[in-house]
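First comes the structure, then the notes that go with it.
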């Protein structure tokens with residue numbers, strides 16, 4: 001009897017809505033149309049190093065389209081090429097890539113499907129250069145991957161952020177306050193920009209445009225003079241003042257991306273209140289943006305990306321990530337994705353449109 005082709009799938013980095021929809025799409029198409037076996041690697045690259053996996057059957061992925069998170073688990077710290085090992089209180093790093101690659105070879109994996117953002121895809125690129133057949137699928141709420149116009153998870157995050165902003169309007173207006181809504185966005189402000197525009201933010205601060213706190217204070221005072229006794233500010237966690245740095249929440253030494261940002265909303269809140277005399281409150285959306293069921297758009301996008309990945313396996317289009325450019329599916333070299341995040345161009349039409357309706361970007 002002919003041996004079935006065996007593929008594996010893992011999810012790395014932060015969780016986000018739509019991952020399970022991709023797992024479902026890859027697994028169902030691989031089984032139904034290609035008679036493949038699908039192995040789920042558990043807890044991201046940790047599973048490759050420690051050989052933790054399970055076979056995914058058709059019924060295992062039925063009913064998971066609407067579920068948030070990932071049924072396989074994930075990790076933001078695991079990197080086979082710089083794997084954190086603790087000995088007592090000491091933390092050292094080892095290259096465990098040989099072990100990870102050996103485990104894939106023992107399983108007879110003919111292609112590894114990697115679902116993740118730029119860090120996860122960067123590791124996938126290194127694995128490909130070391131001989132592992134790899135295909136990437138773009139996943140991040142931040143929408144900051146090179147080579148694709150949009151990533152699944154982004155629409156869901158914007159929806160949650162916008163709903164939060166909408167809810168802040170009534171309390172801001174009732175108490176004549178400045179309400180600051182801090183959202184995720186380390187180096188790129190796509191969530192803040194989209195949700196800020198959708199939610200009618202008066203002030204939007206993103207990492208790409210350093211701000212002047214005095215300009216922000218003047219905007220708040222100007223609105224009060226015109227009878228608008230409240231203001232809504234939507235701020236990406238990576239926003240920073242002109243000549244200054246982003247606010248660091250903590251350092252995670254075992255992670256390749258060790259800096260965790262957060263708290264800029266509270267810093268700005270104190271500054272705005274001091275400059276304007278207007279009571280200011282801060283709400284941090286944080287991981288609320290990652291949780292919950294994916295929007296219909298993300299369910300559709302995840303399904304399209306997942307099924308396309310199986311086509312790429314059949315066609316031996318390896319070393320690529322599937323992307324979406326101008327509403328067309330494209331193959332993006334993992335080398336391009338690994339070059340770093342896709343930031344917002346300063347001449348982006350959304351920035352220009354927001355400025356046209358009076359939105360302040362702090363500059």
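Each value in this text was obtained by applying a stated rule to the coordinates, not by laboratory testing. In this text, all values refer to a predicted model and were calculated from it rather than measured experimentally. Using ideal geometry, Cβ is built from the backbone for each residue, glycine included, and neighbour counts are taken over all protein chains shown.
Using only alpha carbon pairs under 8 Å that are at least six residues apart, calculate the relative contact order of the stretch 37-185 and give it in whole percent. Mind dumping the intermediate values first?
Values: 169 pairs, mean separation 20.6, N = 149.
Here the relative contact order equals 14 percent.
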Need one number: nm distance between label points at residue 229 and residue 176, each 7 Å from Cα along Cα→Cβ, rounded to one decimal. 0.3
Can you compute the FRET efficiency between residue 105 and residue 288 using 1/(1 + (r/R0)^6), with r the Cβ-Cβ distance and R0 = 45 Å? Round to the nearest 0.05. 0.65
Report, in deg cm²/dmol and to the nearest 500, the calculated mean residue ellipticity at 222 nm for the chain, where each DSSP H run with n ≥ 4 adds -39500 (n - 2.57) and the sum is divided by the residue count. -11500 deg cm²/dmol
Using DSSP, restrict attention to beta bridges with both residues in the stretch 155-290 and report what percent are antiparallel, rounded to the nearest 5. 15
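Roughly what % of DSSP beta bridges within the stretch 67-183 run antiparallel, to the nearest 5? Spell out each step's value before the answer.
Working: 5 of 11 bridges.
In the stretch 67-183, approximately 45 percent of DSSP beta bridges are antiparallel ones.
Return the FRET efficiency for the residue pair residue 357, residue 333: r is the Cβ-Cβ distance, R0 is 45 Å, and the value is rounded to the nearest 0.05. Intermediate values should be presented prior to the final figure.
Values: r = 38 Å, r/R0 = 0.85.
After rounding, the FRET efficiency stands at 0.75.
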Using alpha-carbon positions, what is the distance between the centroids of the stretch 122-195 and the stretch 332-348, in Å? 14
If I model a spin label at residue 326 and residue 85 as a point 7 Å from the Cα along the Cα→Cβ vector, what separation in nanometres do I get? 5.0
Using alpha-carbon pairs under 8 Å, 6+ residues apart, how would you state the relative contact order of the stretch 31-120 in percent? 25
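One quarter of the convex hull surface, Cα atoms only: what value does that give for the chain in nm²? Present the calculation step by step, with values, prior to reporting the outcome.
On the way: hull surface 77.9 nm².
Mean shadow area of the hull around the Cα atoms is 19.5 nm².
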Selected from 261, 329, 301 as most flexible by GNM, with the chain as the system and alpha-carbon contacts under 10 Å: 329
Between residue 297 and residue 32, 0.36 nm times their residue separation minus their Cα-Cα distance comes to what? 93.0 nm
Pull up the DSSP beta bridges for the chain and report the antiparallel fraction as a percent, rounded to 5. 35
What nm value, rounded to one decimal, do you get for the distance between residue 66 and residue 311 when each label is placed 7 Å out toward the C-beta? 2.8
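Work out how much length residue 92 to residue 3 would gain on full extension: take 0.36 nm times their residue separation and subtract the Cα-Cα distance, in nm to one decimal. If you can, show how the numbers build up before the last one.
Working: separation 89, 0.36 × 89 = 32.04 nm, distance 4.13 nm.
My answer for the length gained is 27.9 nm.
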Below 8 Å, C-alpha to C-alpha, sequence gap of six or more: please give me the relative contact order for the chain in percent. 22
Hey, in the GNM for the chain with a 10 angstrom Cα cutoff, which one of 283, 113, 85 fluctuates hardest? 85
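Using the Cα atoms as the points, what is the convex hull volume per residue of the stretch 265-363 in Å³? Mind dumping the intermediate values first?
Values: hull volume 18.4 nm³, N = 99.
Measuring per residue, one finds 186 Å³ for the Cα hull of the stretch 265-363.
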Neighbouring Cβ atoms within 10 Å as the yardstick, rank 66, 120, 27 fewest first. 66, 27, 120
Added length on full extension, which subtracts the Cα-Cα distance from 0.36 nm per residue, residue 169 to residue 54: 36.7 nm
In whole angstrom, the spacing between the Cα centers of the stretch 1-28 and the stretch 263-291 equals 39
For the stretch 1-132 the translational diffusion coefficient, Stokes-Einstein from a Kirkwood Rh over Cα pairs at 10 °C and viscosity 1.306 mPa s, in µm²/s, is roughly 104
Span per principal axis, largest first, for the Cα atoms of the stretch 155-290 (Å): 50, 33, 21
